[in-house]
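Asks: I have a structure I would like to understand better, so I am pasting it below and will then ask my questions one at a time.
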Amino acid sequence: MKVRTSFQGMSAGEGEGVKELVSAWAEKHLEPMMRGVGFTQSELAVKVSKRKKGAQRFHVKLHMHLPPKKIIAAHAHGDALKPAINEALDRLLREVEKHISRVRHQEAYKRKARRARLRELKAKQAALPEDVVTEAAGNIEQLLPRLEKAVRRELGFLRSQGDLPPDYPSVADVVDEVVAAVKADWSKALDADKAYLKLLKAMHEVLDREVRNSRVFGEMVSLEMPPAADAEDQAEAMVEEEISEFWQPDALLKLEDIIEDDTSPAPEDEVAPDAGDYAVVLMRDLPIQWRRALMFQQYEELTLDALAEVFGEEVATVTAWLDAANRFLDARMREAGFARG
């Protein structure tokens, strides 16, 4: 948990006192909650302004990012510095607690919905002939390592962008649902390549549903209340700088989550950045479908026809996604001084 402070019209001594006060408060109240939701990288930004004269001389503004894509803002005014800070911190804490409670209820609902889907899929499996179920289980078992690697890669990207919470769904959650869906819809005489395409298609559908559900519930507001001011706009106005300067998604996306390679150097080893590493990081800026199609092509070596089958789209549509994604990456790589192979 980091605390970043800025001051206007205040002495250095007053500023240090504010930083110590807020840091101690954050360590006691915020850090335990952030650890509970798996988001210890959060940063609390504090801006305190002091007017030379007049009533309510102190103005305190706070903001922080919370998963999956939420910015909490709190303001307070006062004639004395410490009461104004305490009032703003109390307001921030209430908003953080409300958000975390909503996220936890959301996860409980999604877990319940997943269990219901798994029961339905298992009921469909039970209706299949025994030899079909046995064949499906045997073929899928051989493909599980590839599937788990693909799921881990996708979850790494989705979490790095805030499209999914840091700790749900897990790799096992997604793999279990994907396998159950494919088993329930198994056809005889599927070779390994076709079976793997079915697994990737099911993975694509499962993860897209998770992203949609996270967005829907993350954006729910009461229809009986007046709309609140946009917190992100408030946050940018507070510190007069871009949000990305205090929250860097790159810090959550690790290359080892994307590409498993026993020959790669250990993360703690210092290595010079290369074009391949930079291209992986740039992919987080692509739309999900474009990025996923590009990675399926590069890491799964799928043909255009296979990609079209996985996404349920025309070949021309998938081709357009890949062309747009490659043009974007090429341009950004050239800007950074890399030649993309």
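The values are calculated or read from the model by the stated rules, or taken from the named source; none is laboratory data. The model shown is predicted, which means the values in this text are computed figures rather than measured ones. Please note: Cβ atoms are built from the backbone with ideal geometry, for glycine as well, and neighbour counts cover all protein chains shown. These area figures cover heavy atoms from the full protein model, side chains too; ligands, DNA and RNA do not enter into them. Shrake-Rupley method; radii C 1.70, N 1.55, O 1.52, S 1.80 Å.
Yes/no per residue for (1) within 22 Å of residue 146 (Cα to Cα); (2) more than 23 Å from the chain's Cα centre (by Cα):
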| residue | (1), (2) |
| --- | --- |
| 296 | yes, no |
| 305 | yes, yes |
| 312 | yes, yes |
| 331 | no, yes |
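Asks: Moving on to the next point. Which condition breaks for residue 32 when tested against (1) open to solvent by less than 50 Å² (accessible area, probe 1.4 Å); (2) under 30 Å from residue 214 (Cβ atoms); (3) not polar (S, T, N, Q)?
Replies: Of the numbered conditions (1) open to solvent by less than 50 Å² (accessible area, probe 1.4 Å); (2) under 30 Å from residue 214 (Cβ atoms); (3) not polar (S, T, N, Q), the odd one out for residue 32 is (1).
Asks: How do the pairs read when you match residues in region 177-201 that are farther than 26 Å from residue 112 by Cβ with residues anywhere that are acidic (Asp, Glu), using Cβ under 6 Å and keeping only pairs 6 or more apart or on different chains?
Replies: From region 177-201, the pairs are 197/309.
Asks: Of the numbered conditions (1) at pLDDT 75 or above; (2) open to solvent by 20 Å² or more (accessible area, probe 1.4 Å), residue 45 fails exactly one; give the number of that condition.
Replies: Every listed condition holds for residue 45 apart from (2).
Asks: Applying the selection to region 284-339, what residues are surrounded by fewer than 16 Cβ atoms within 10 Å (Cβ to Cβ) and not in a helix (DSSP H, G or I)?
Replies: Residues satisfying the conditions are 287, 301, 303, 312, 314, 336, 337, 339.
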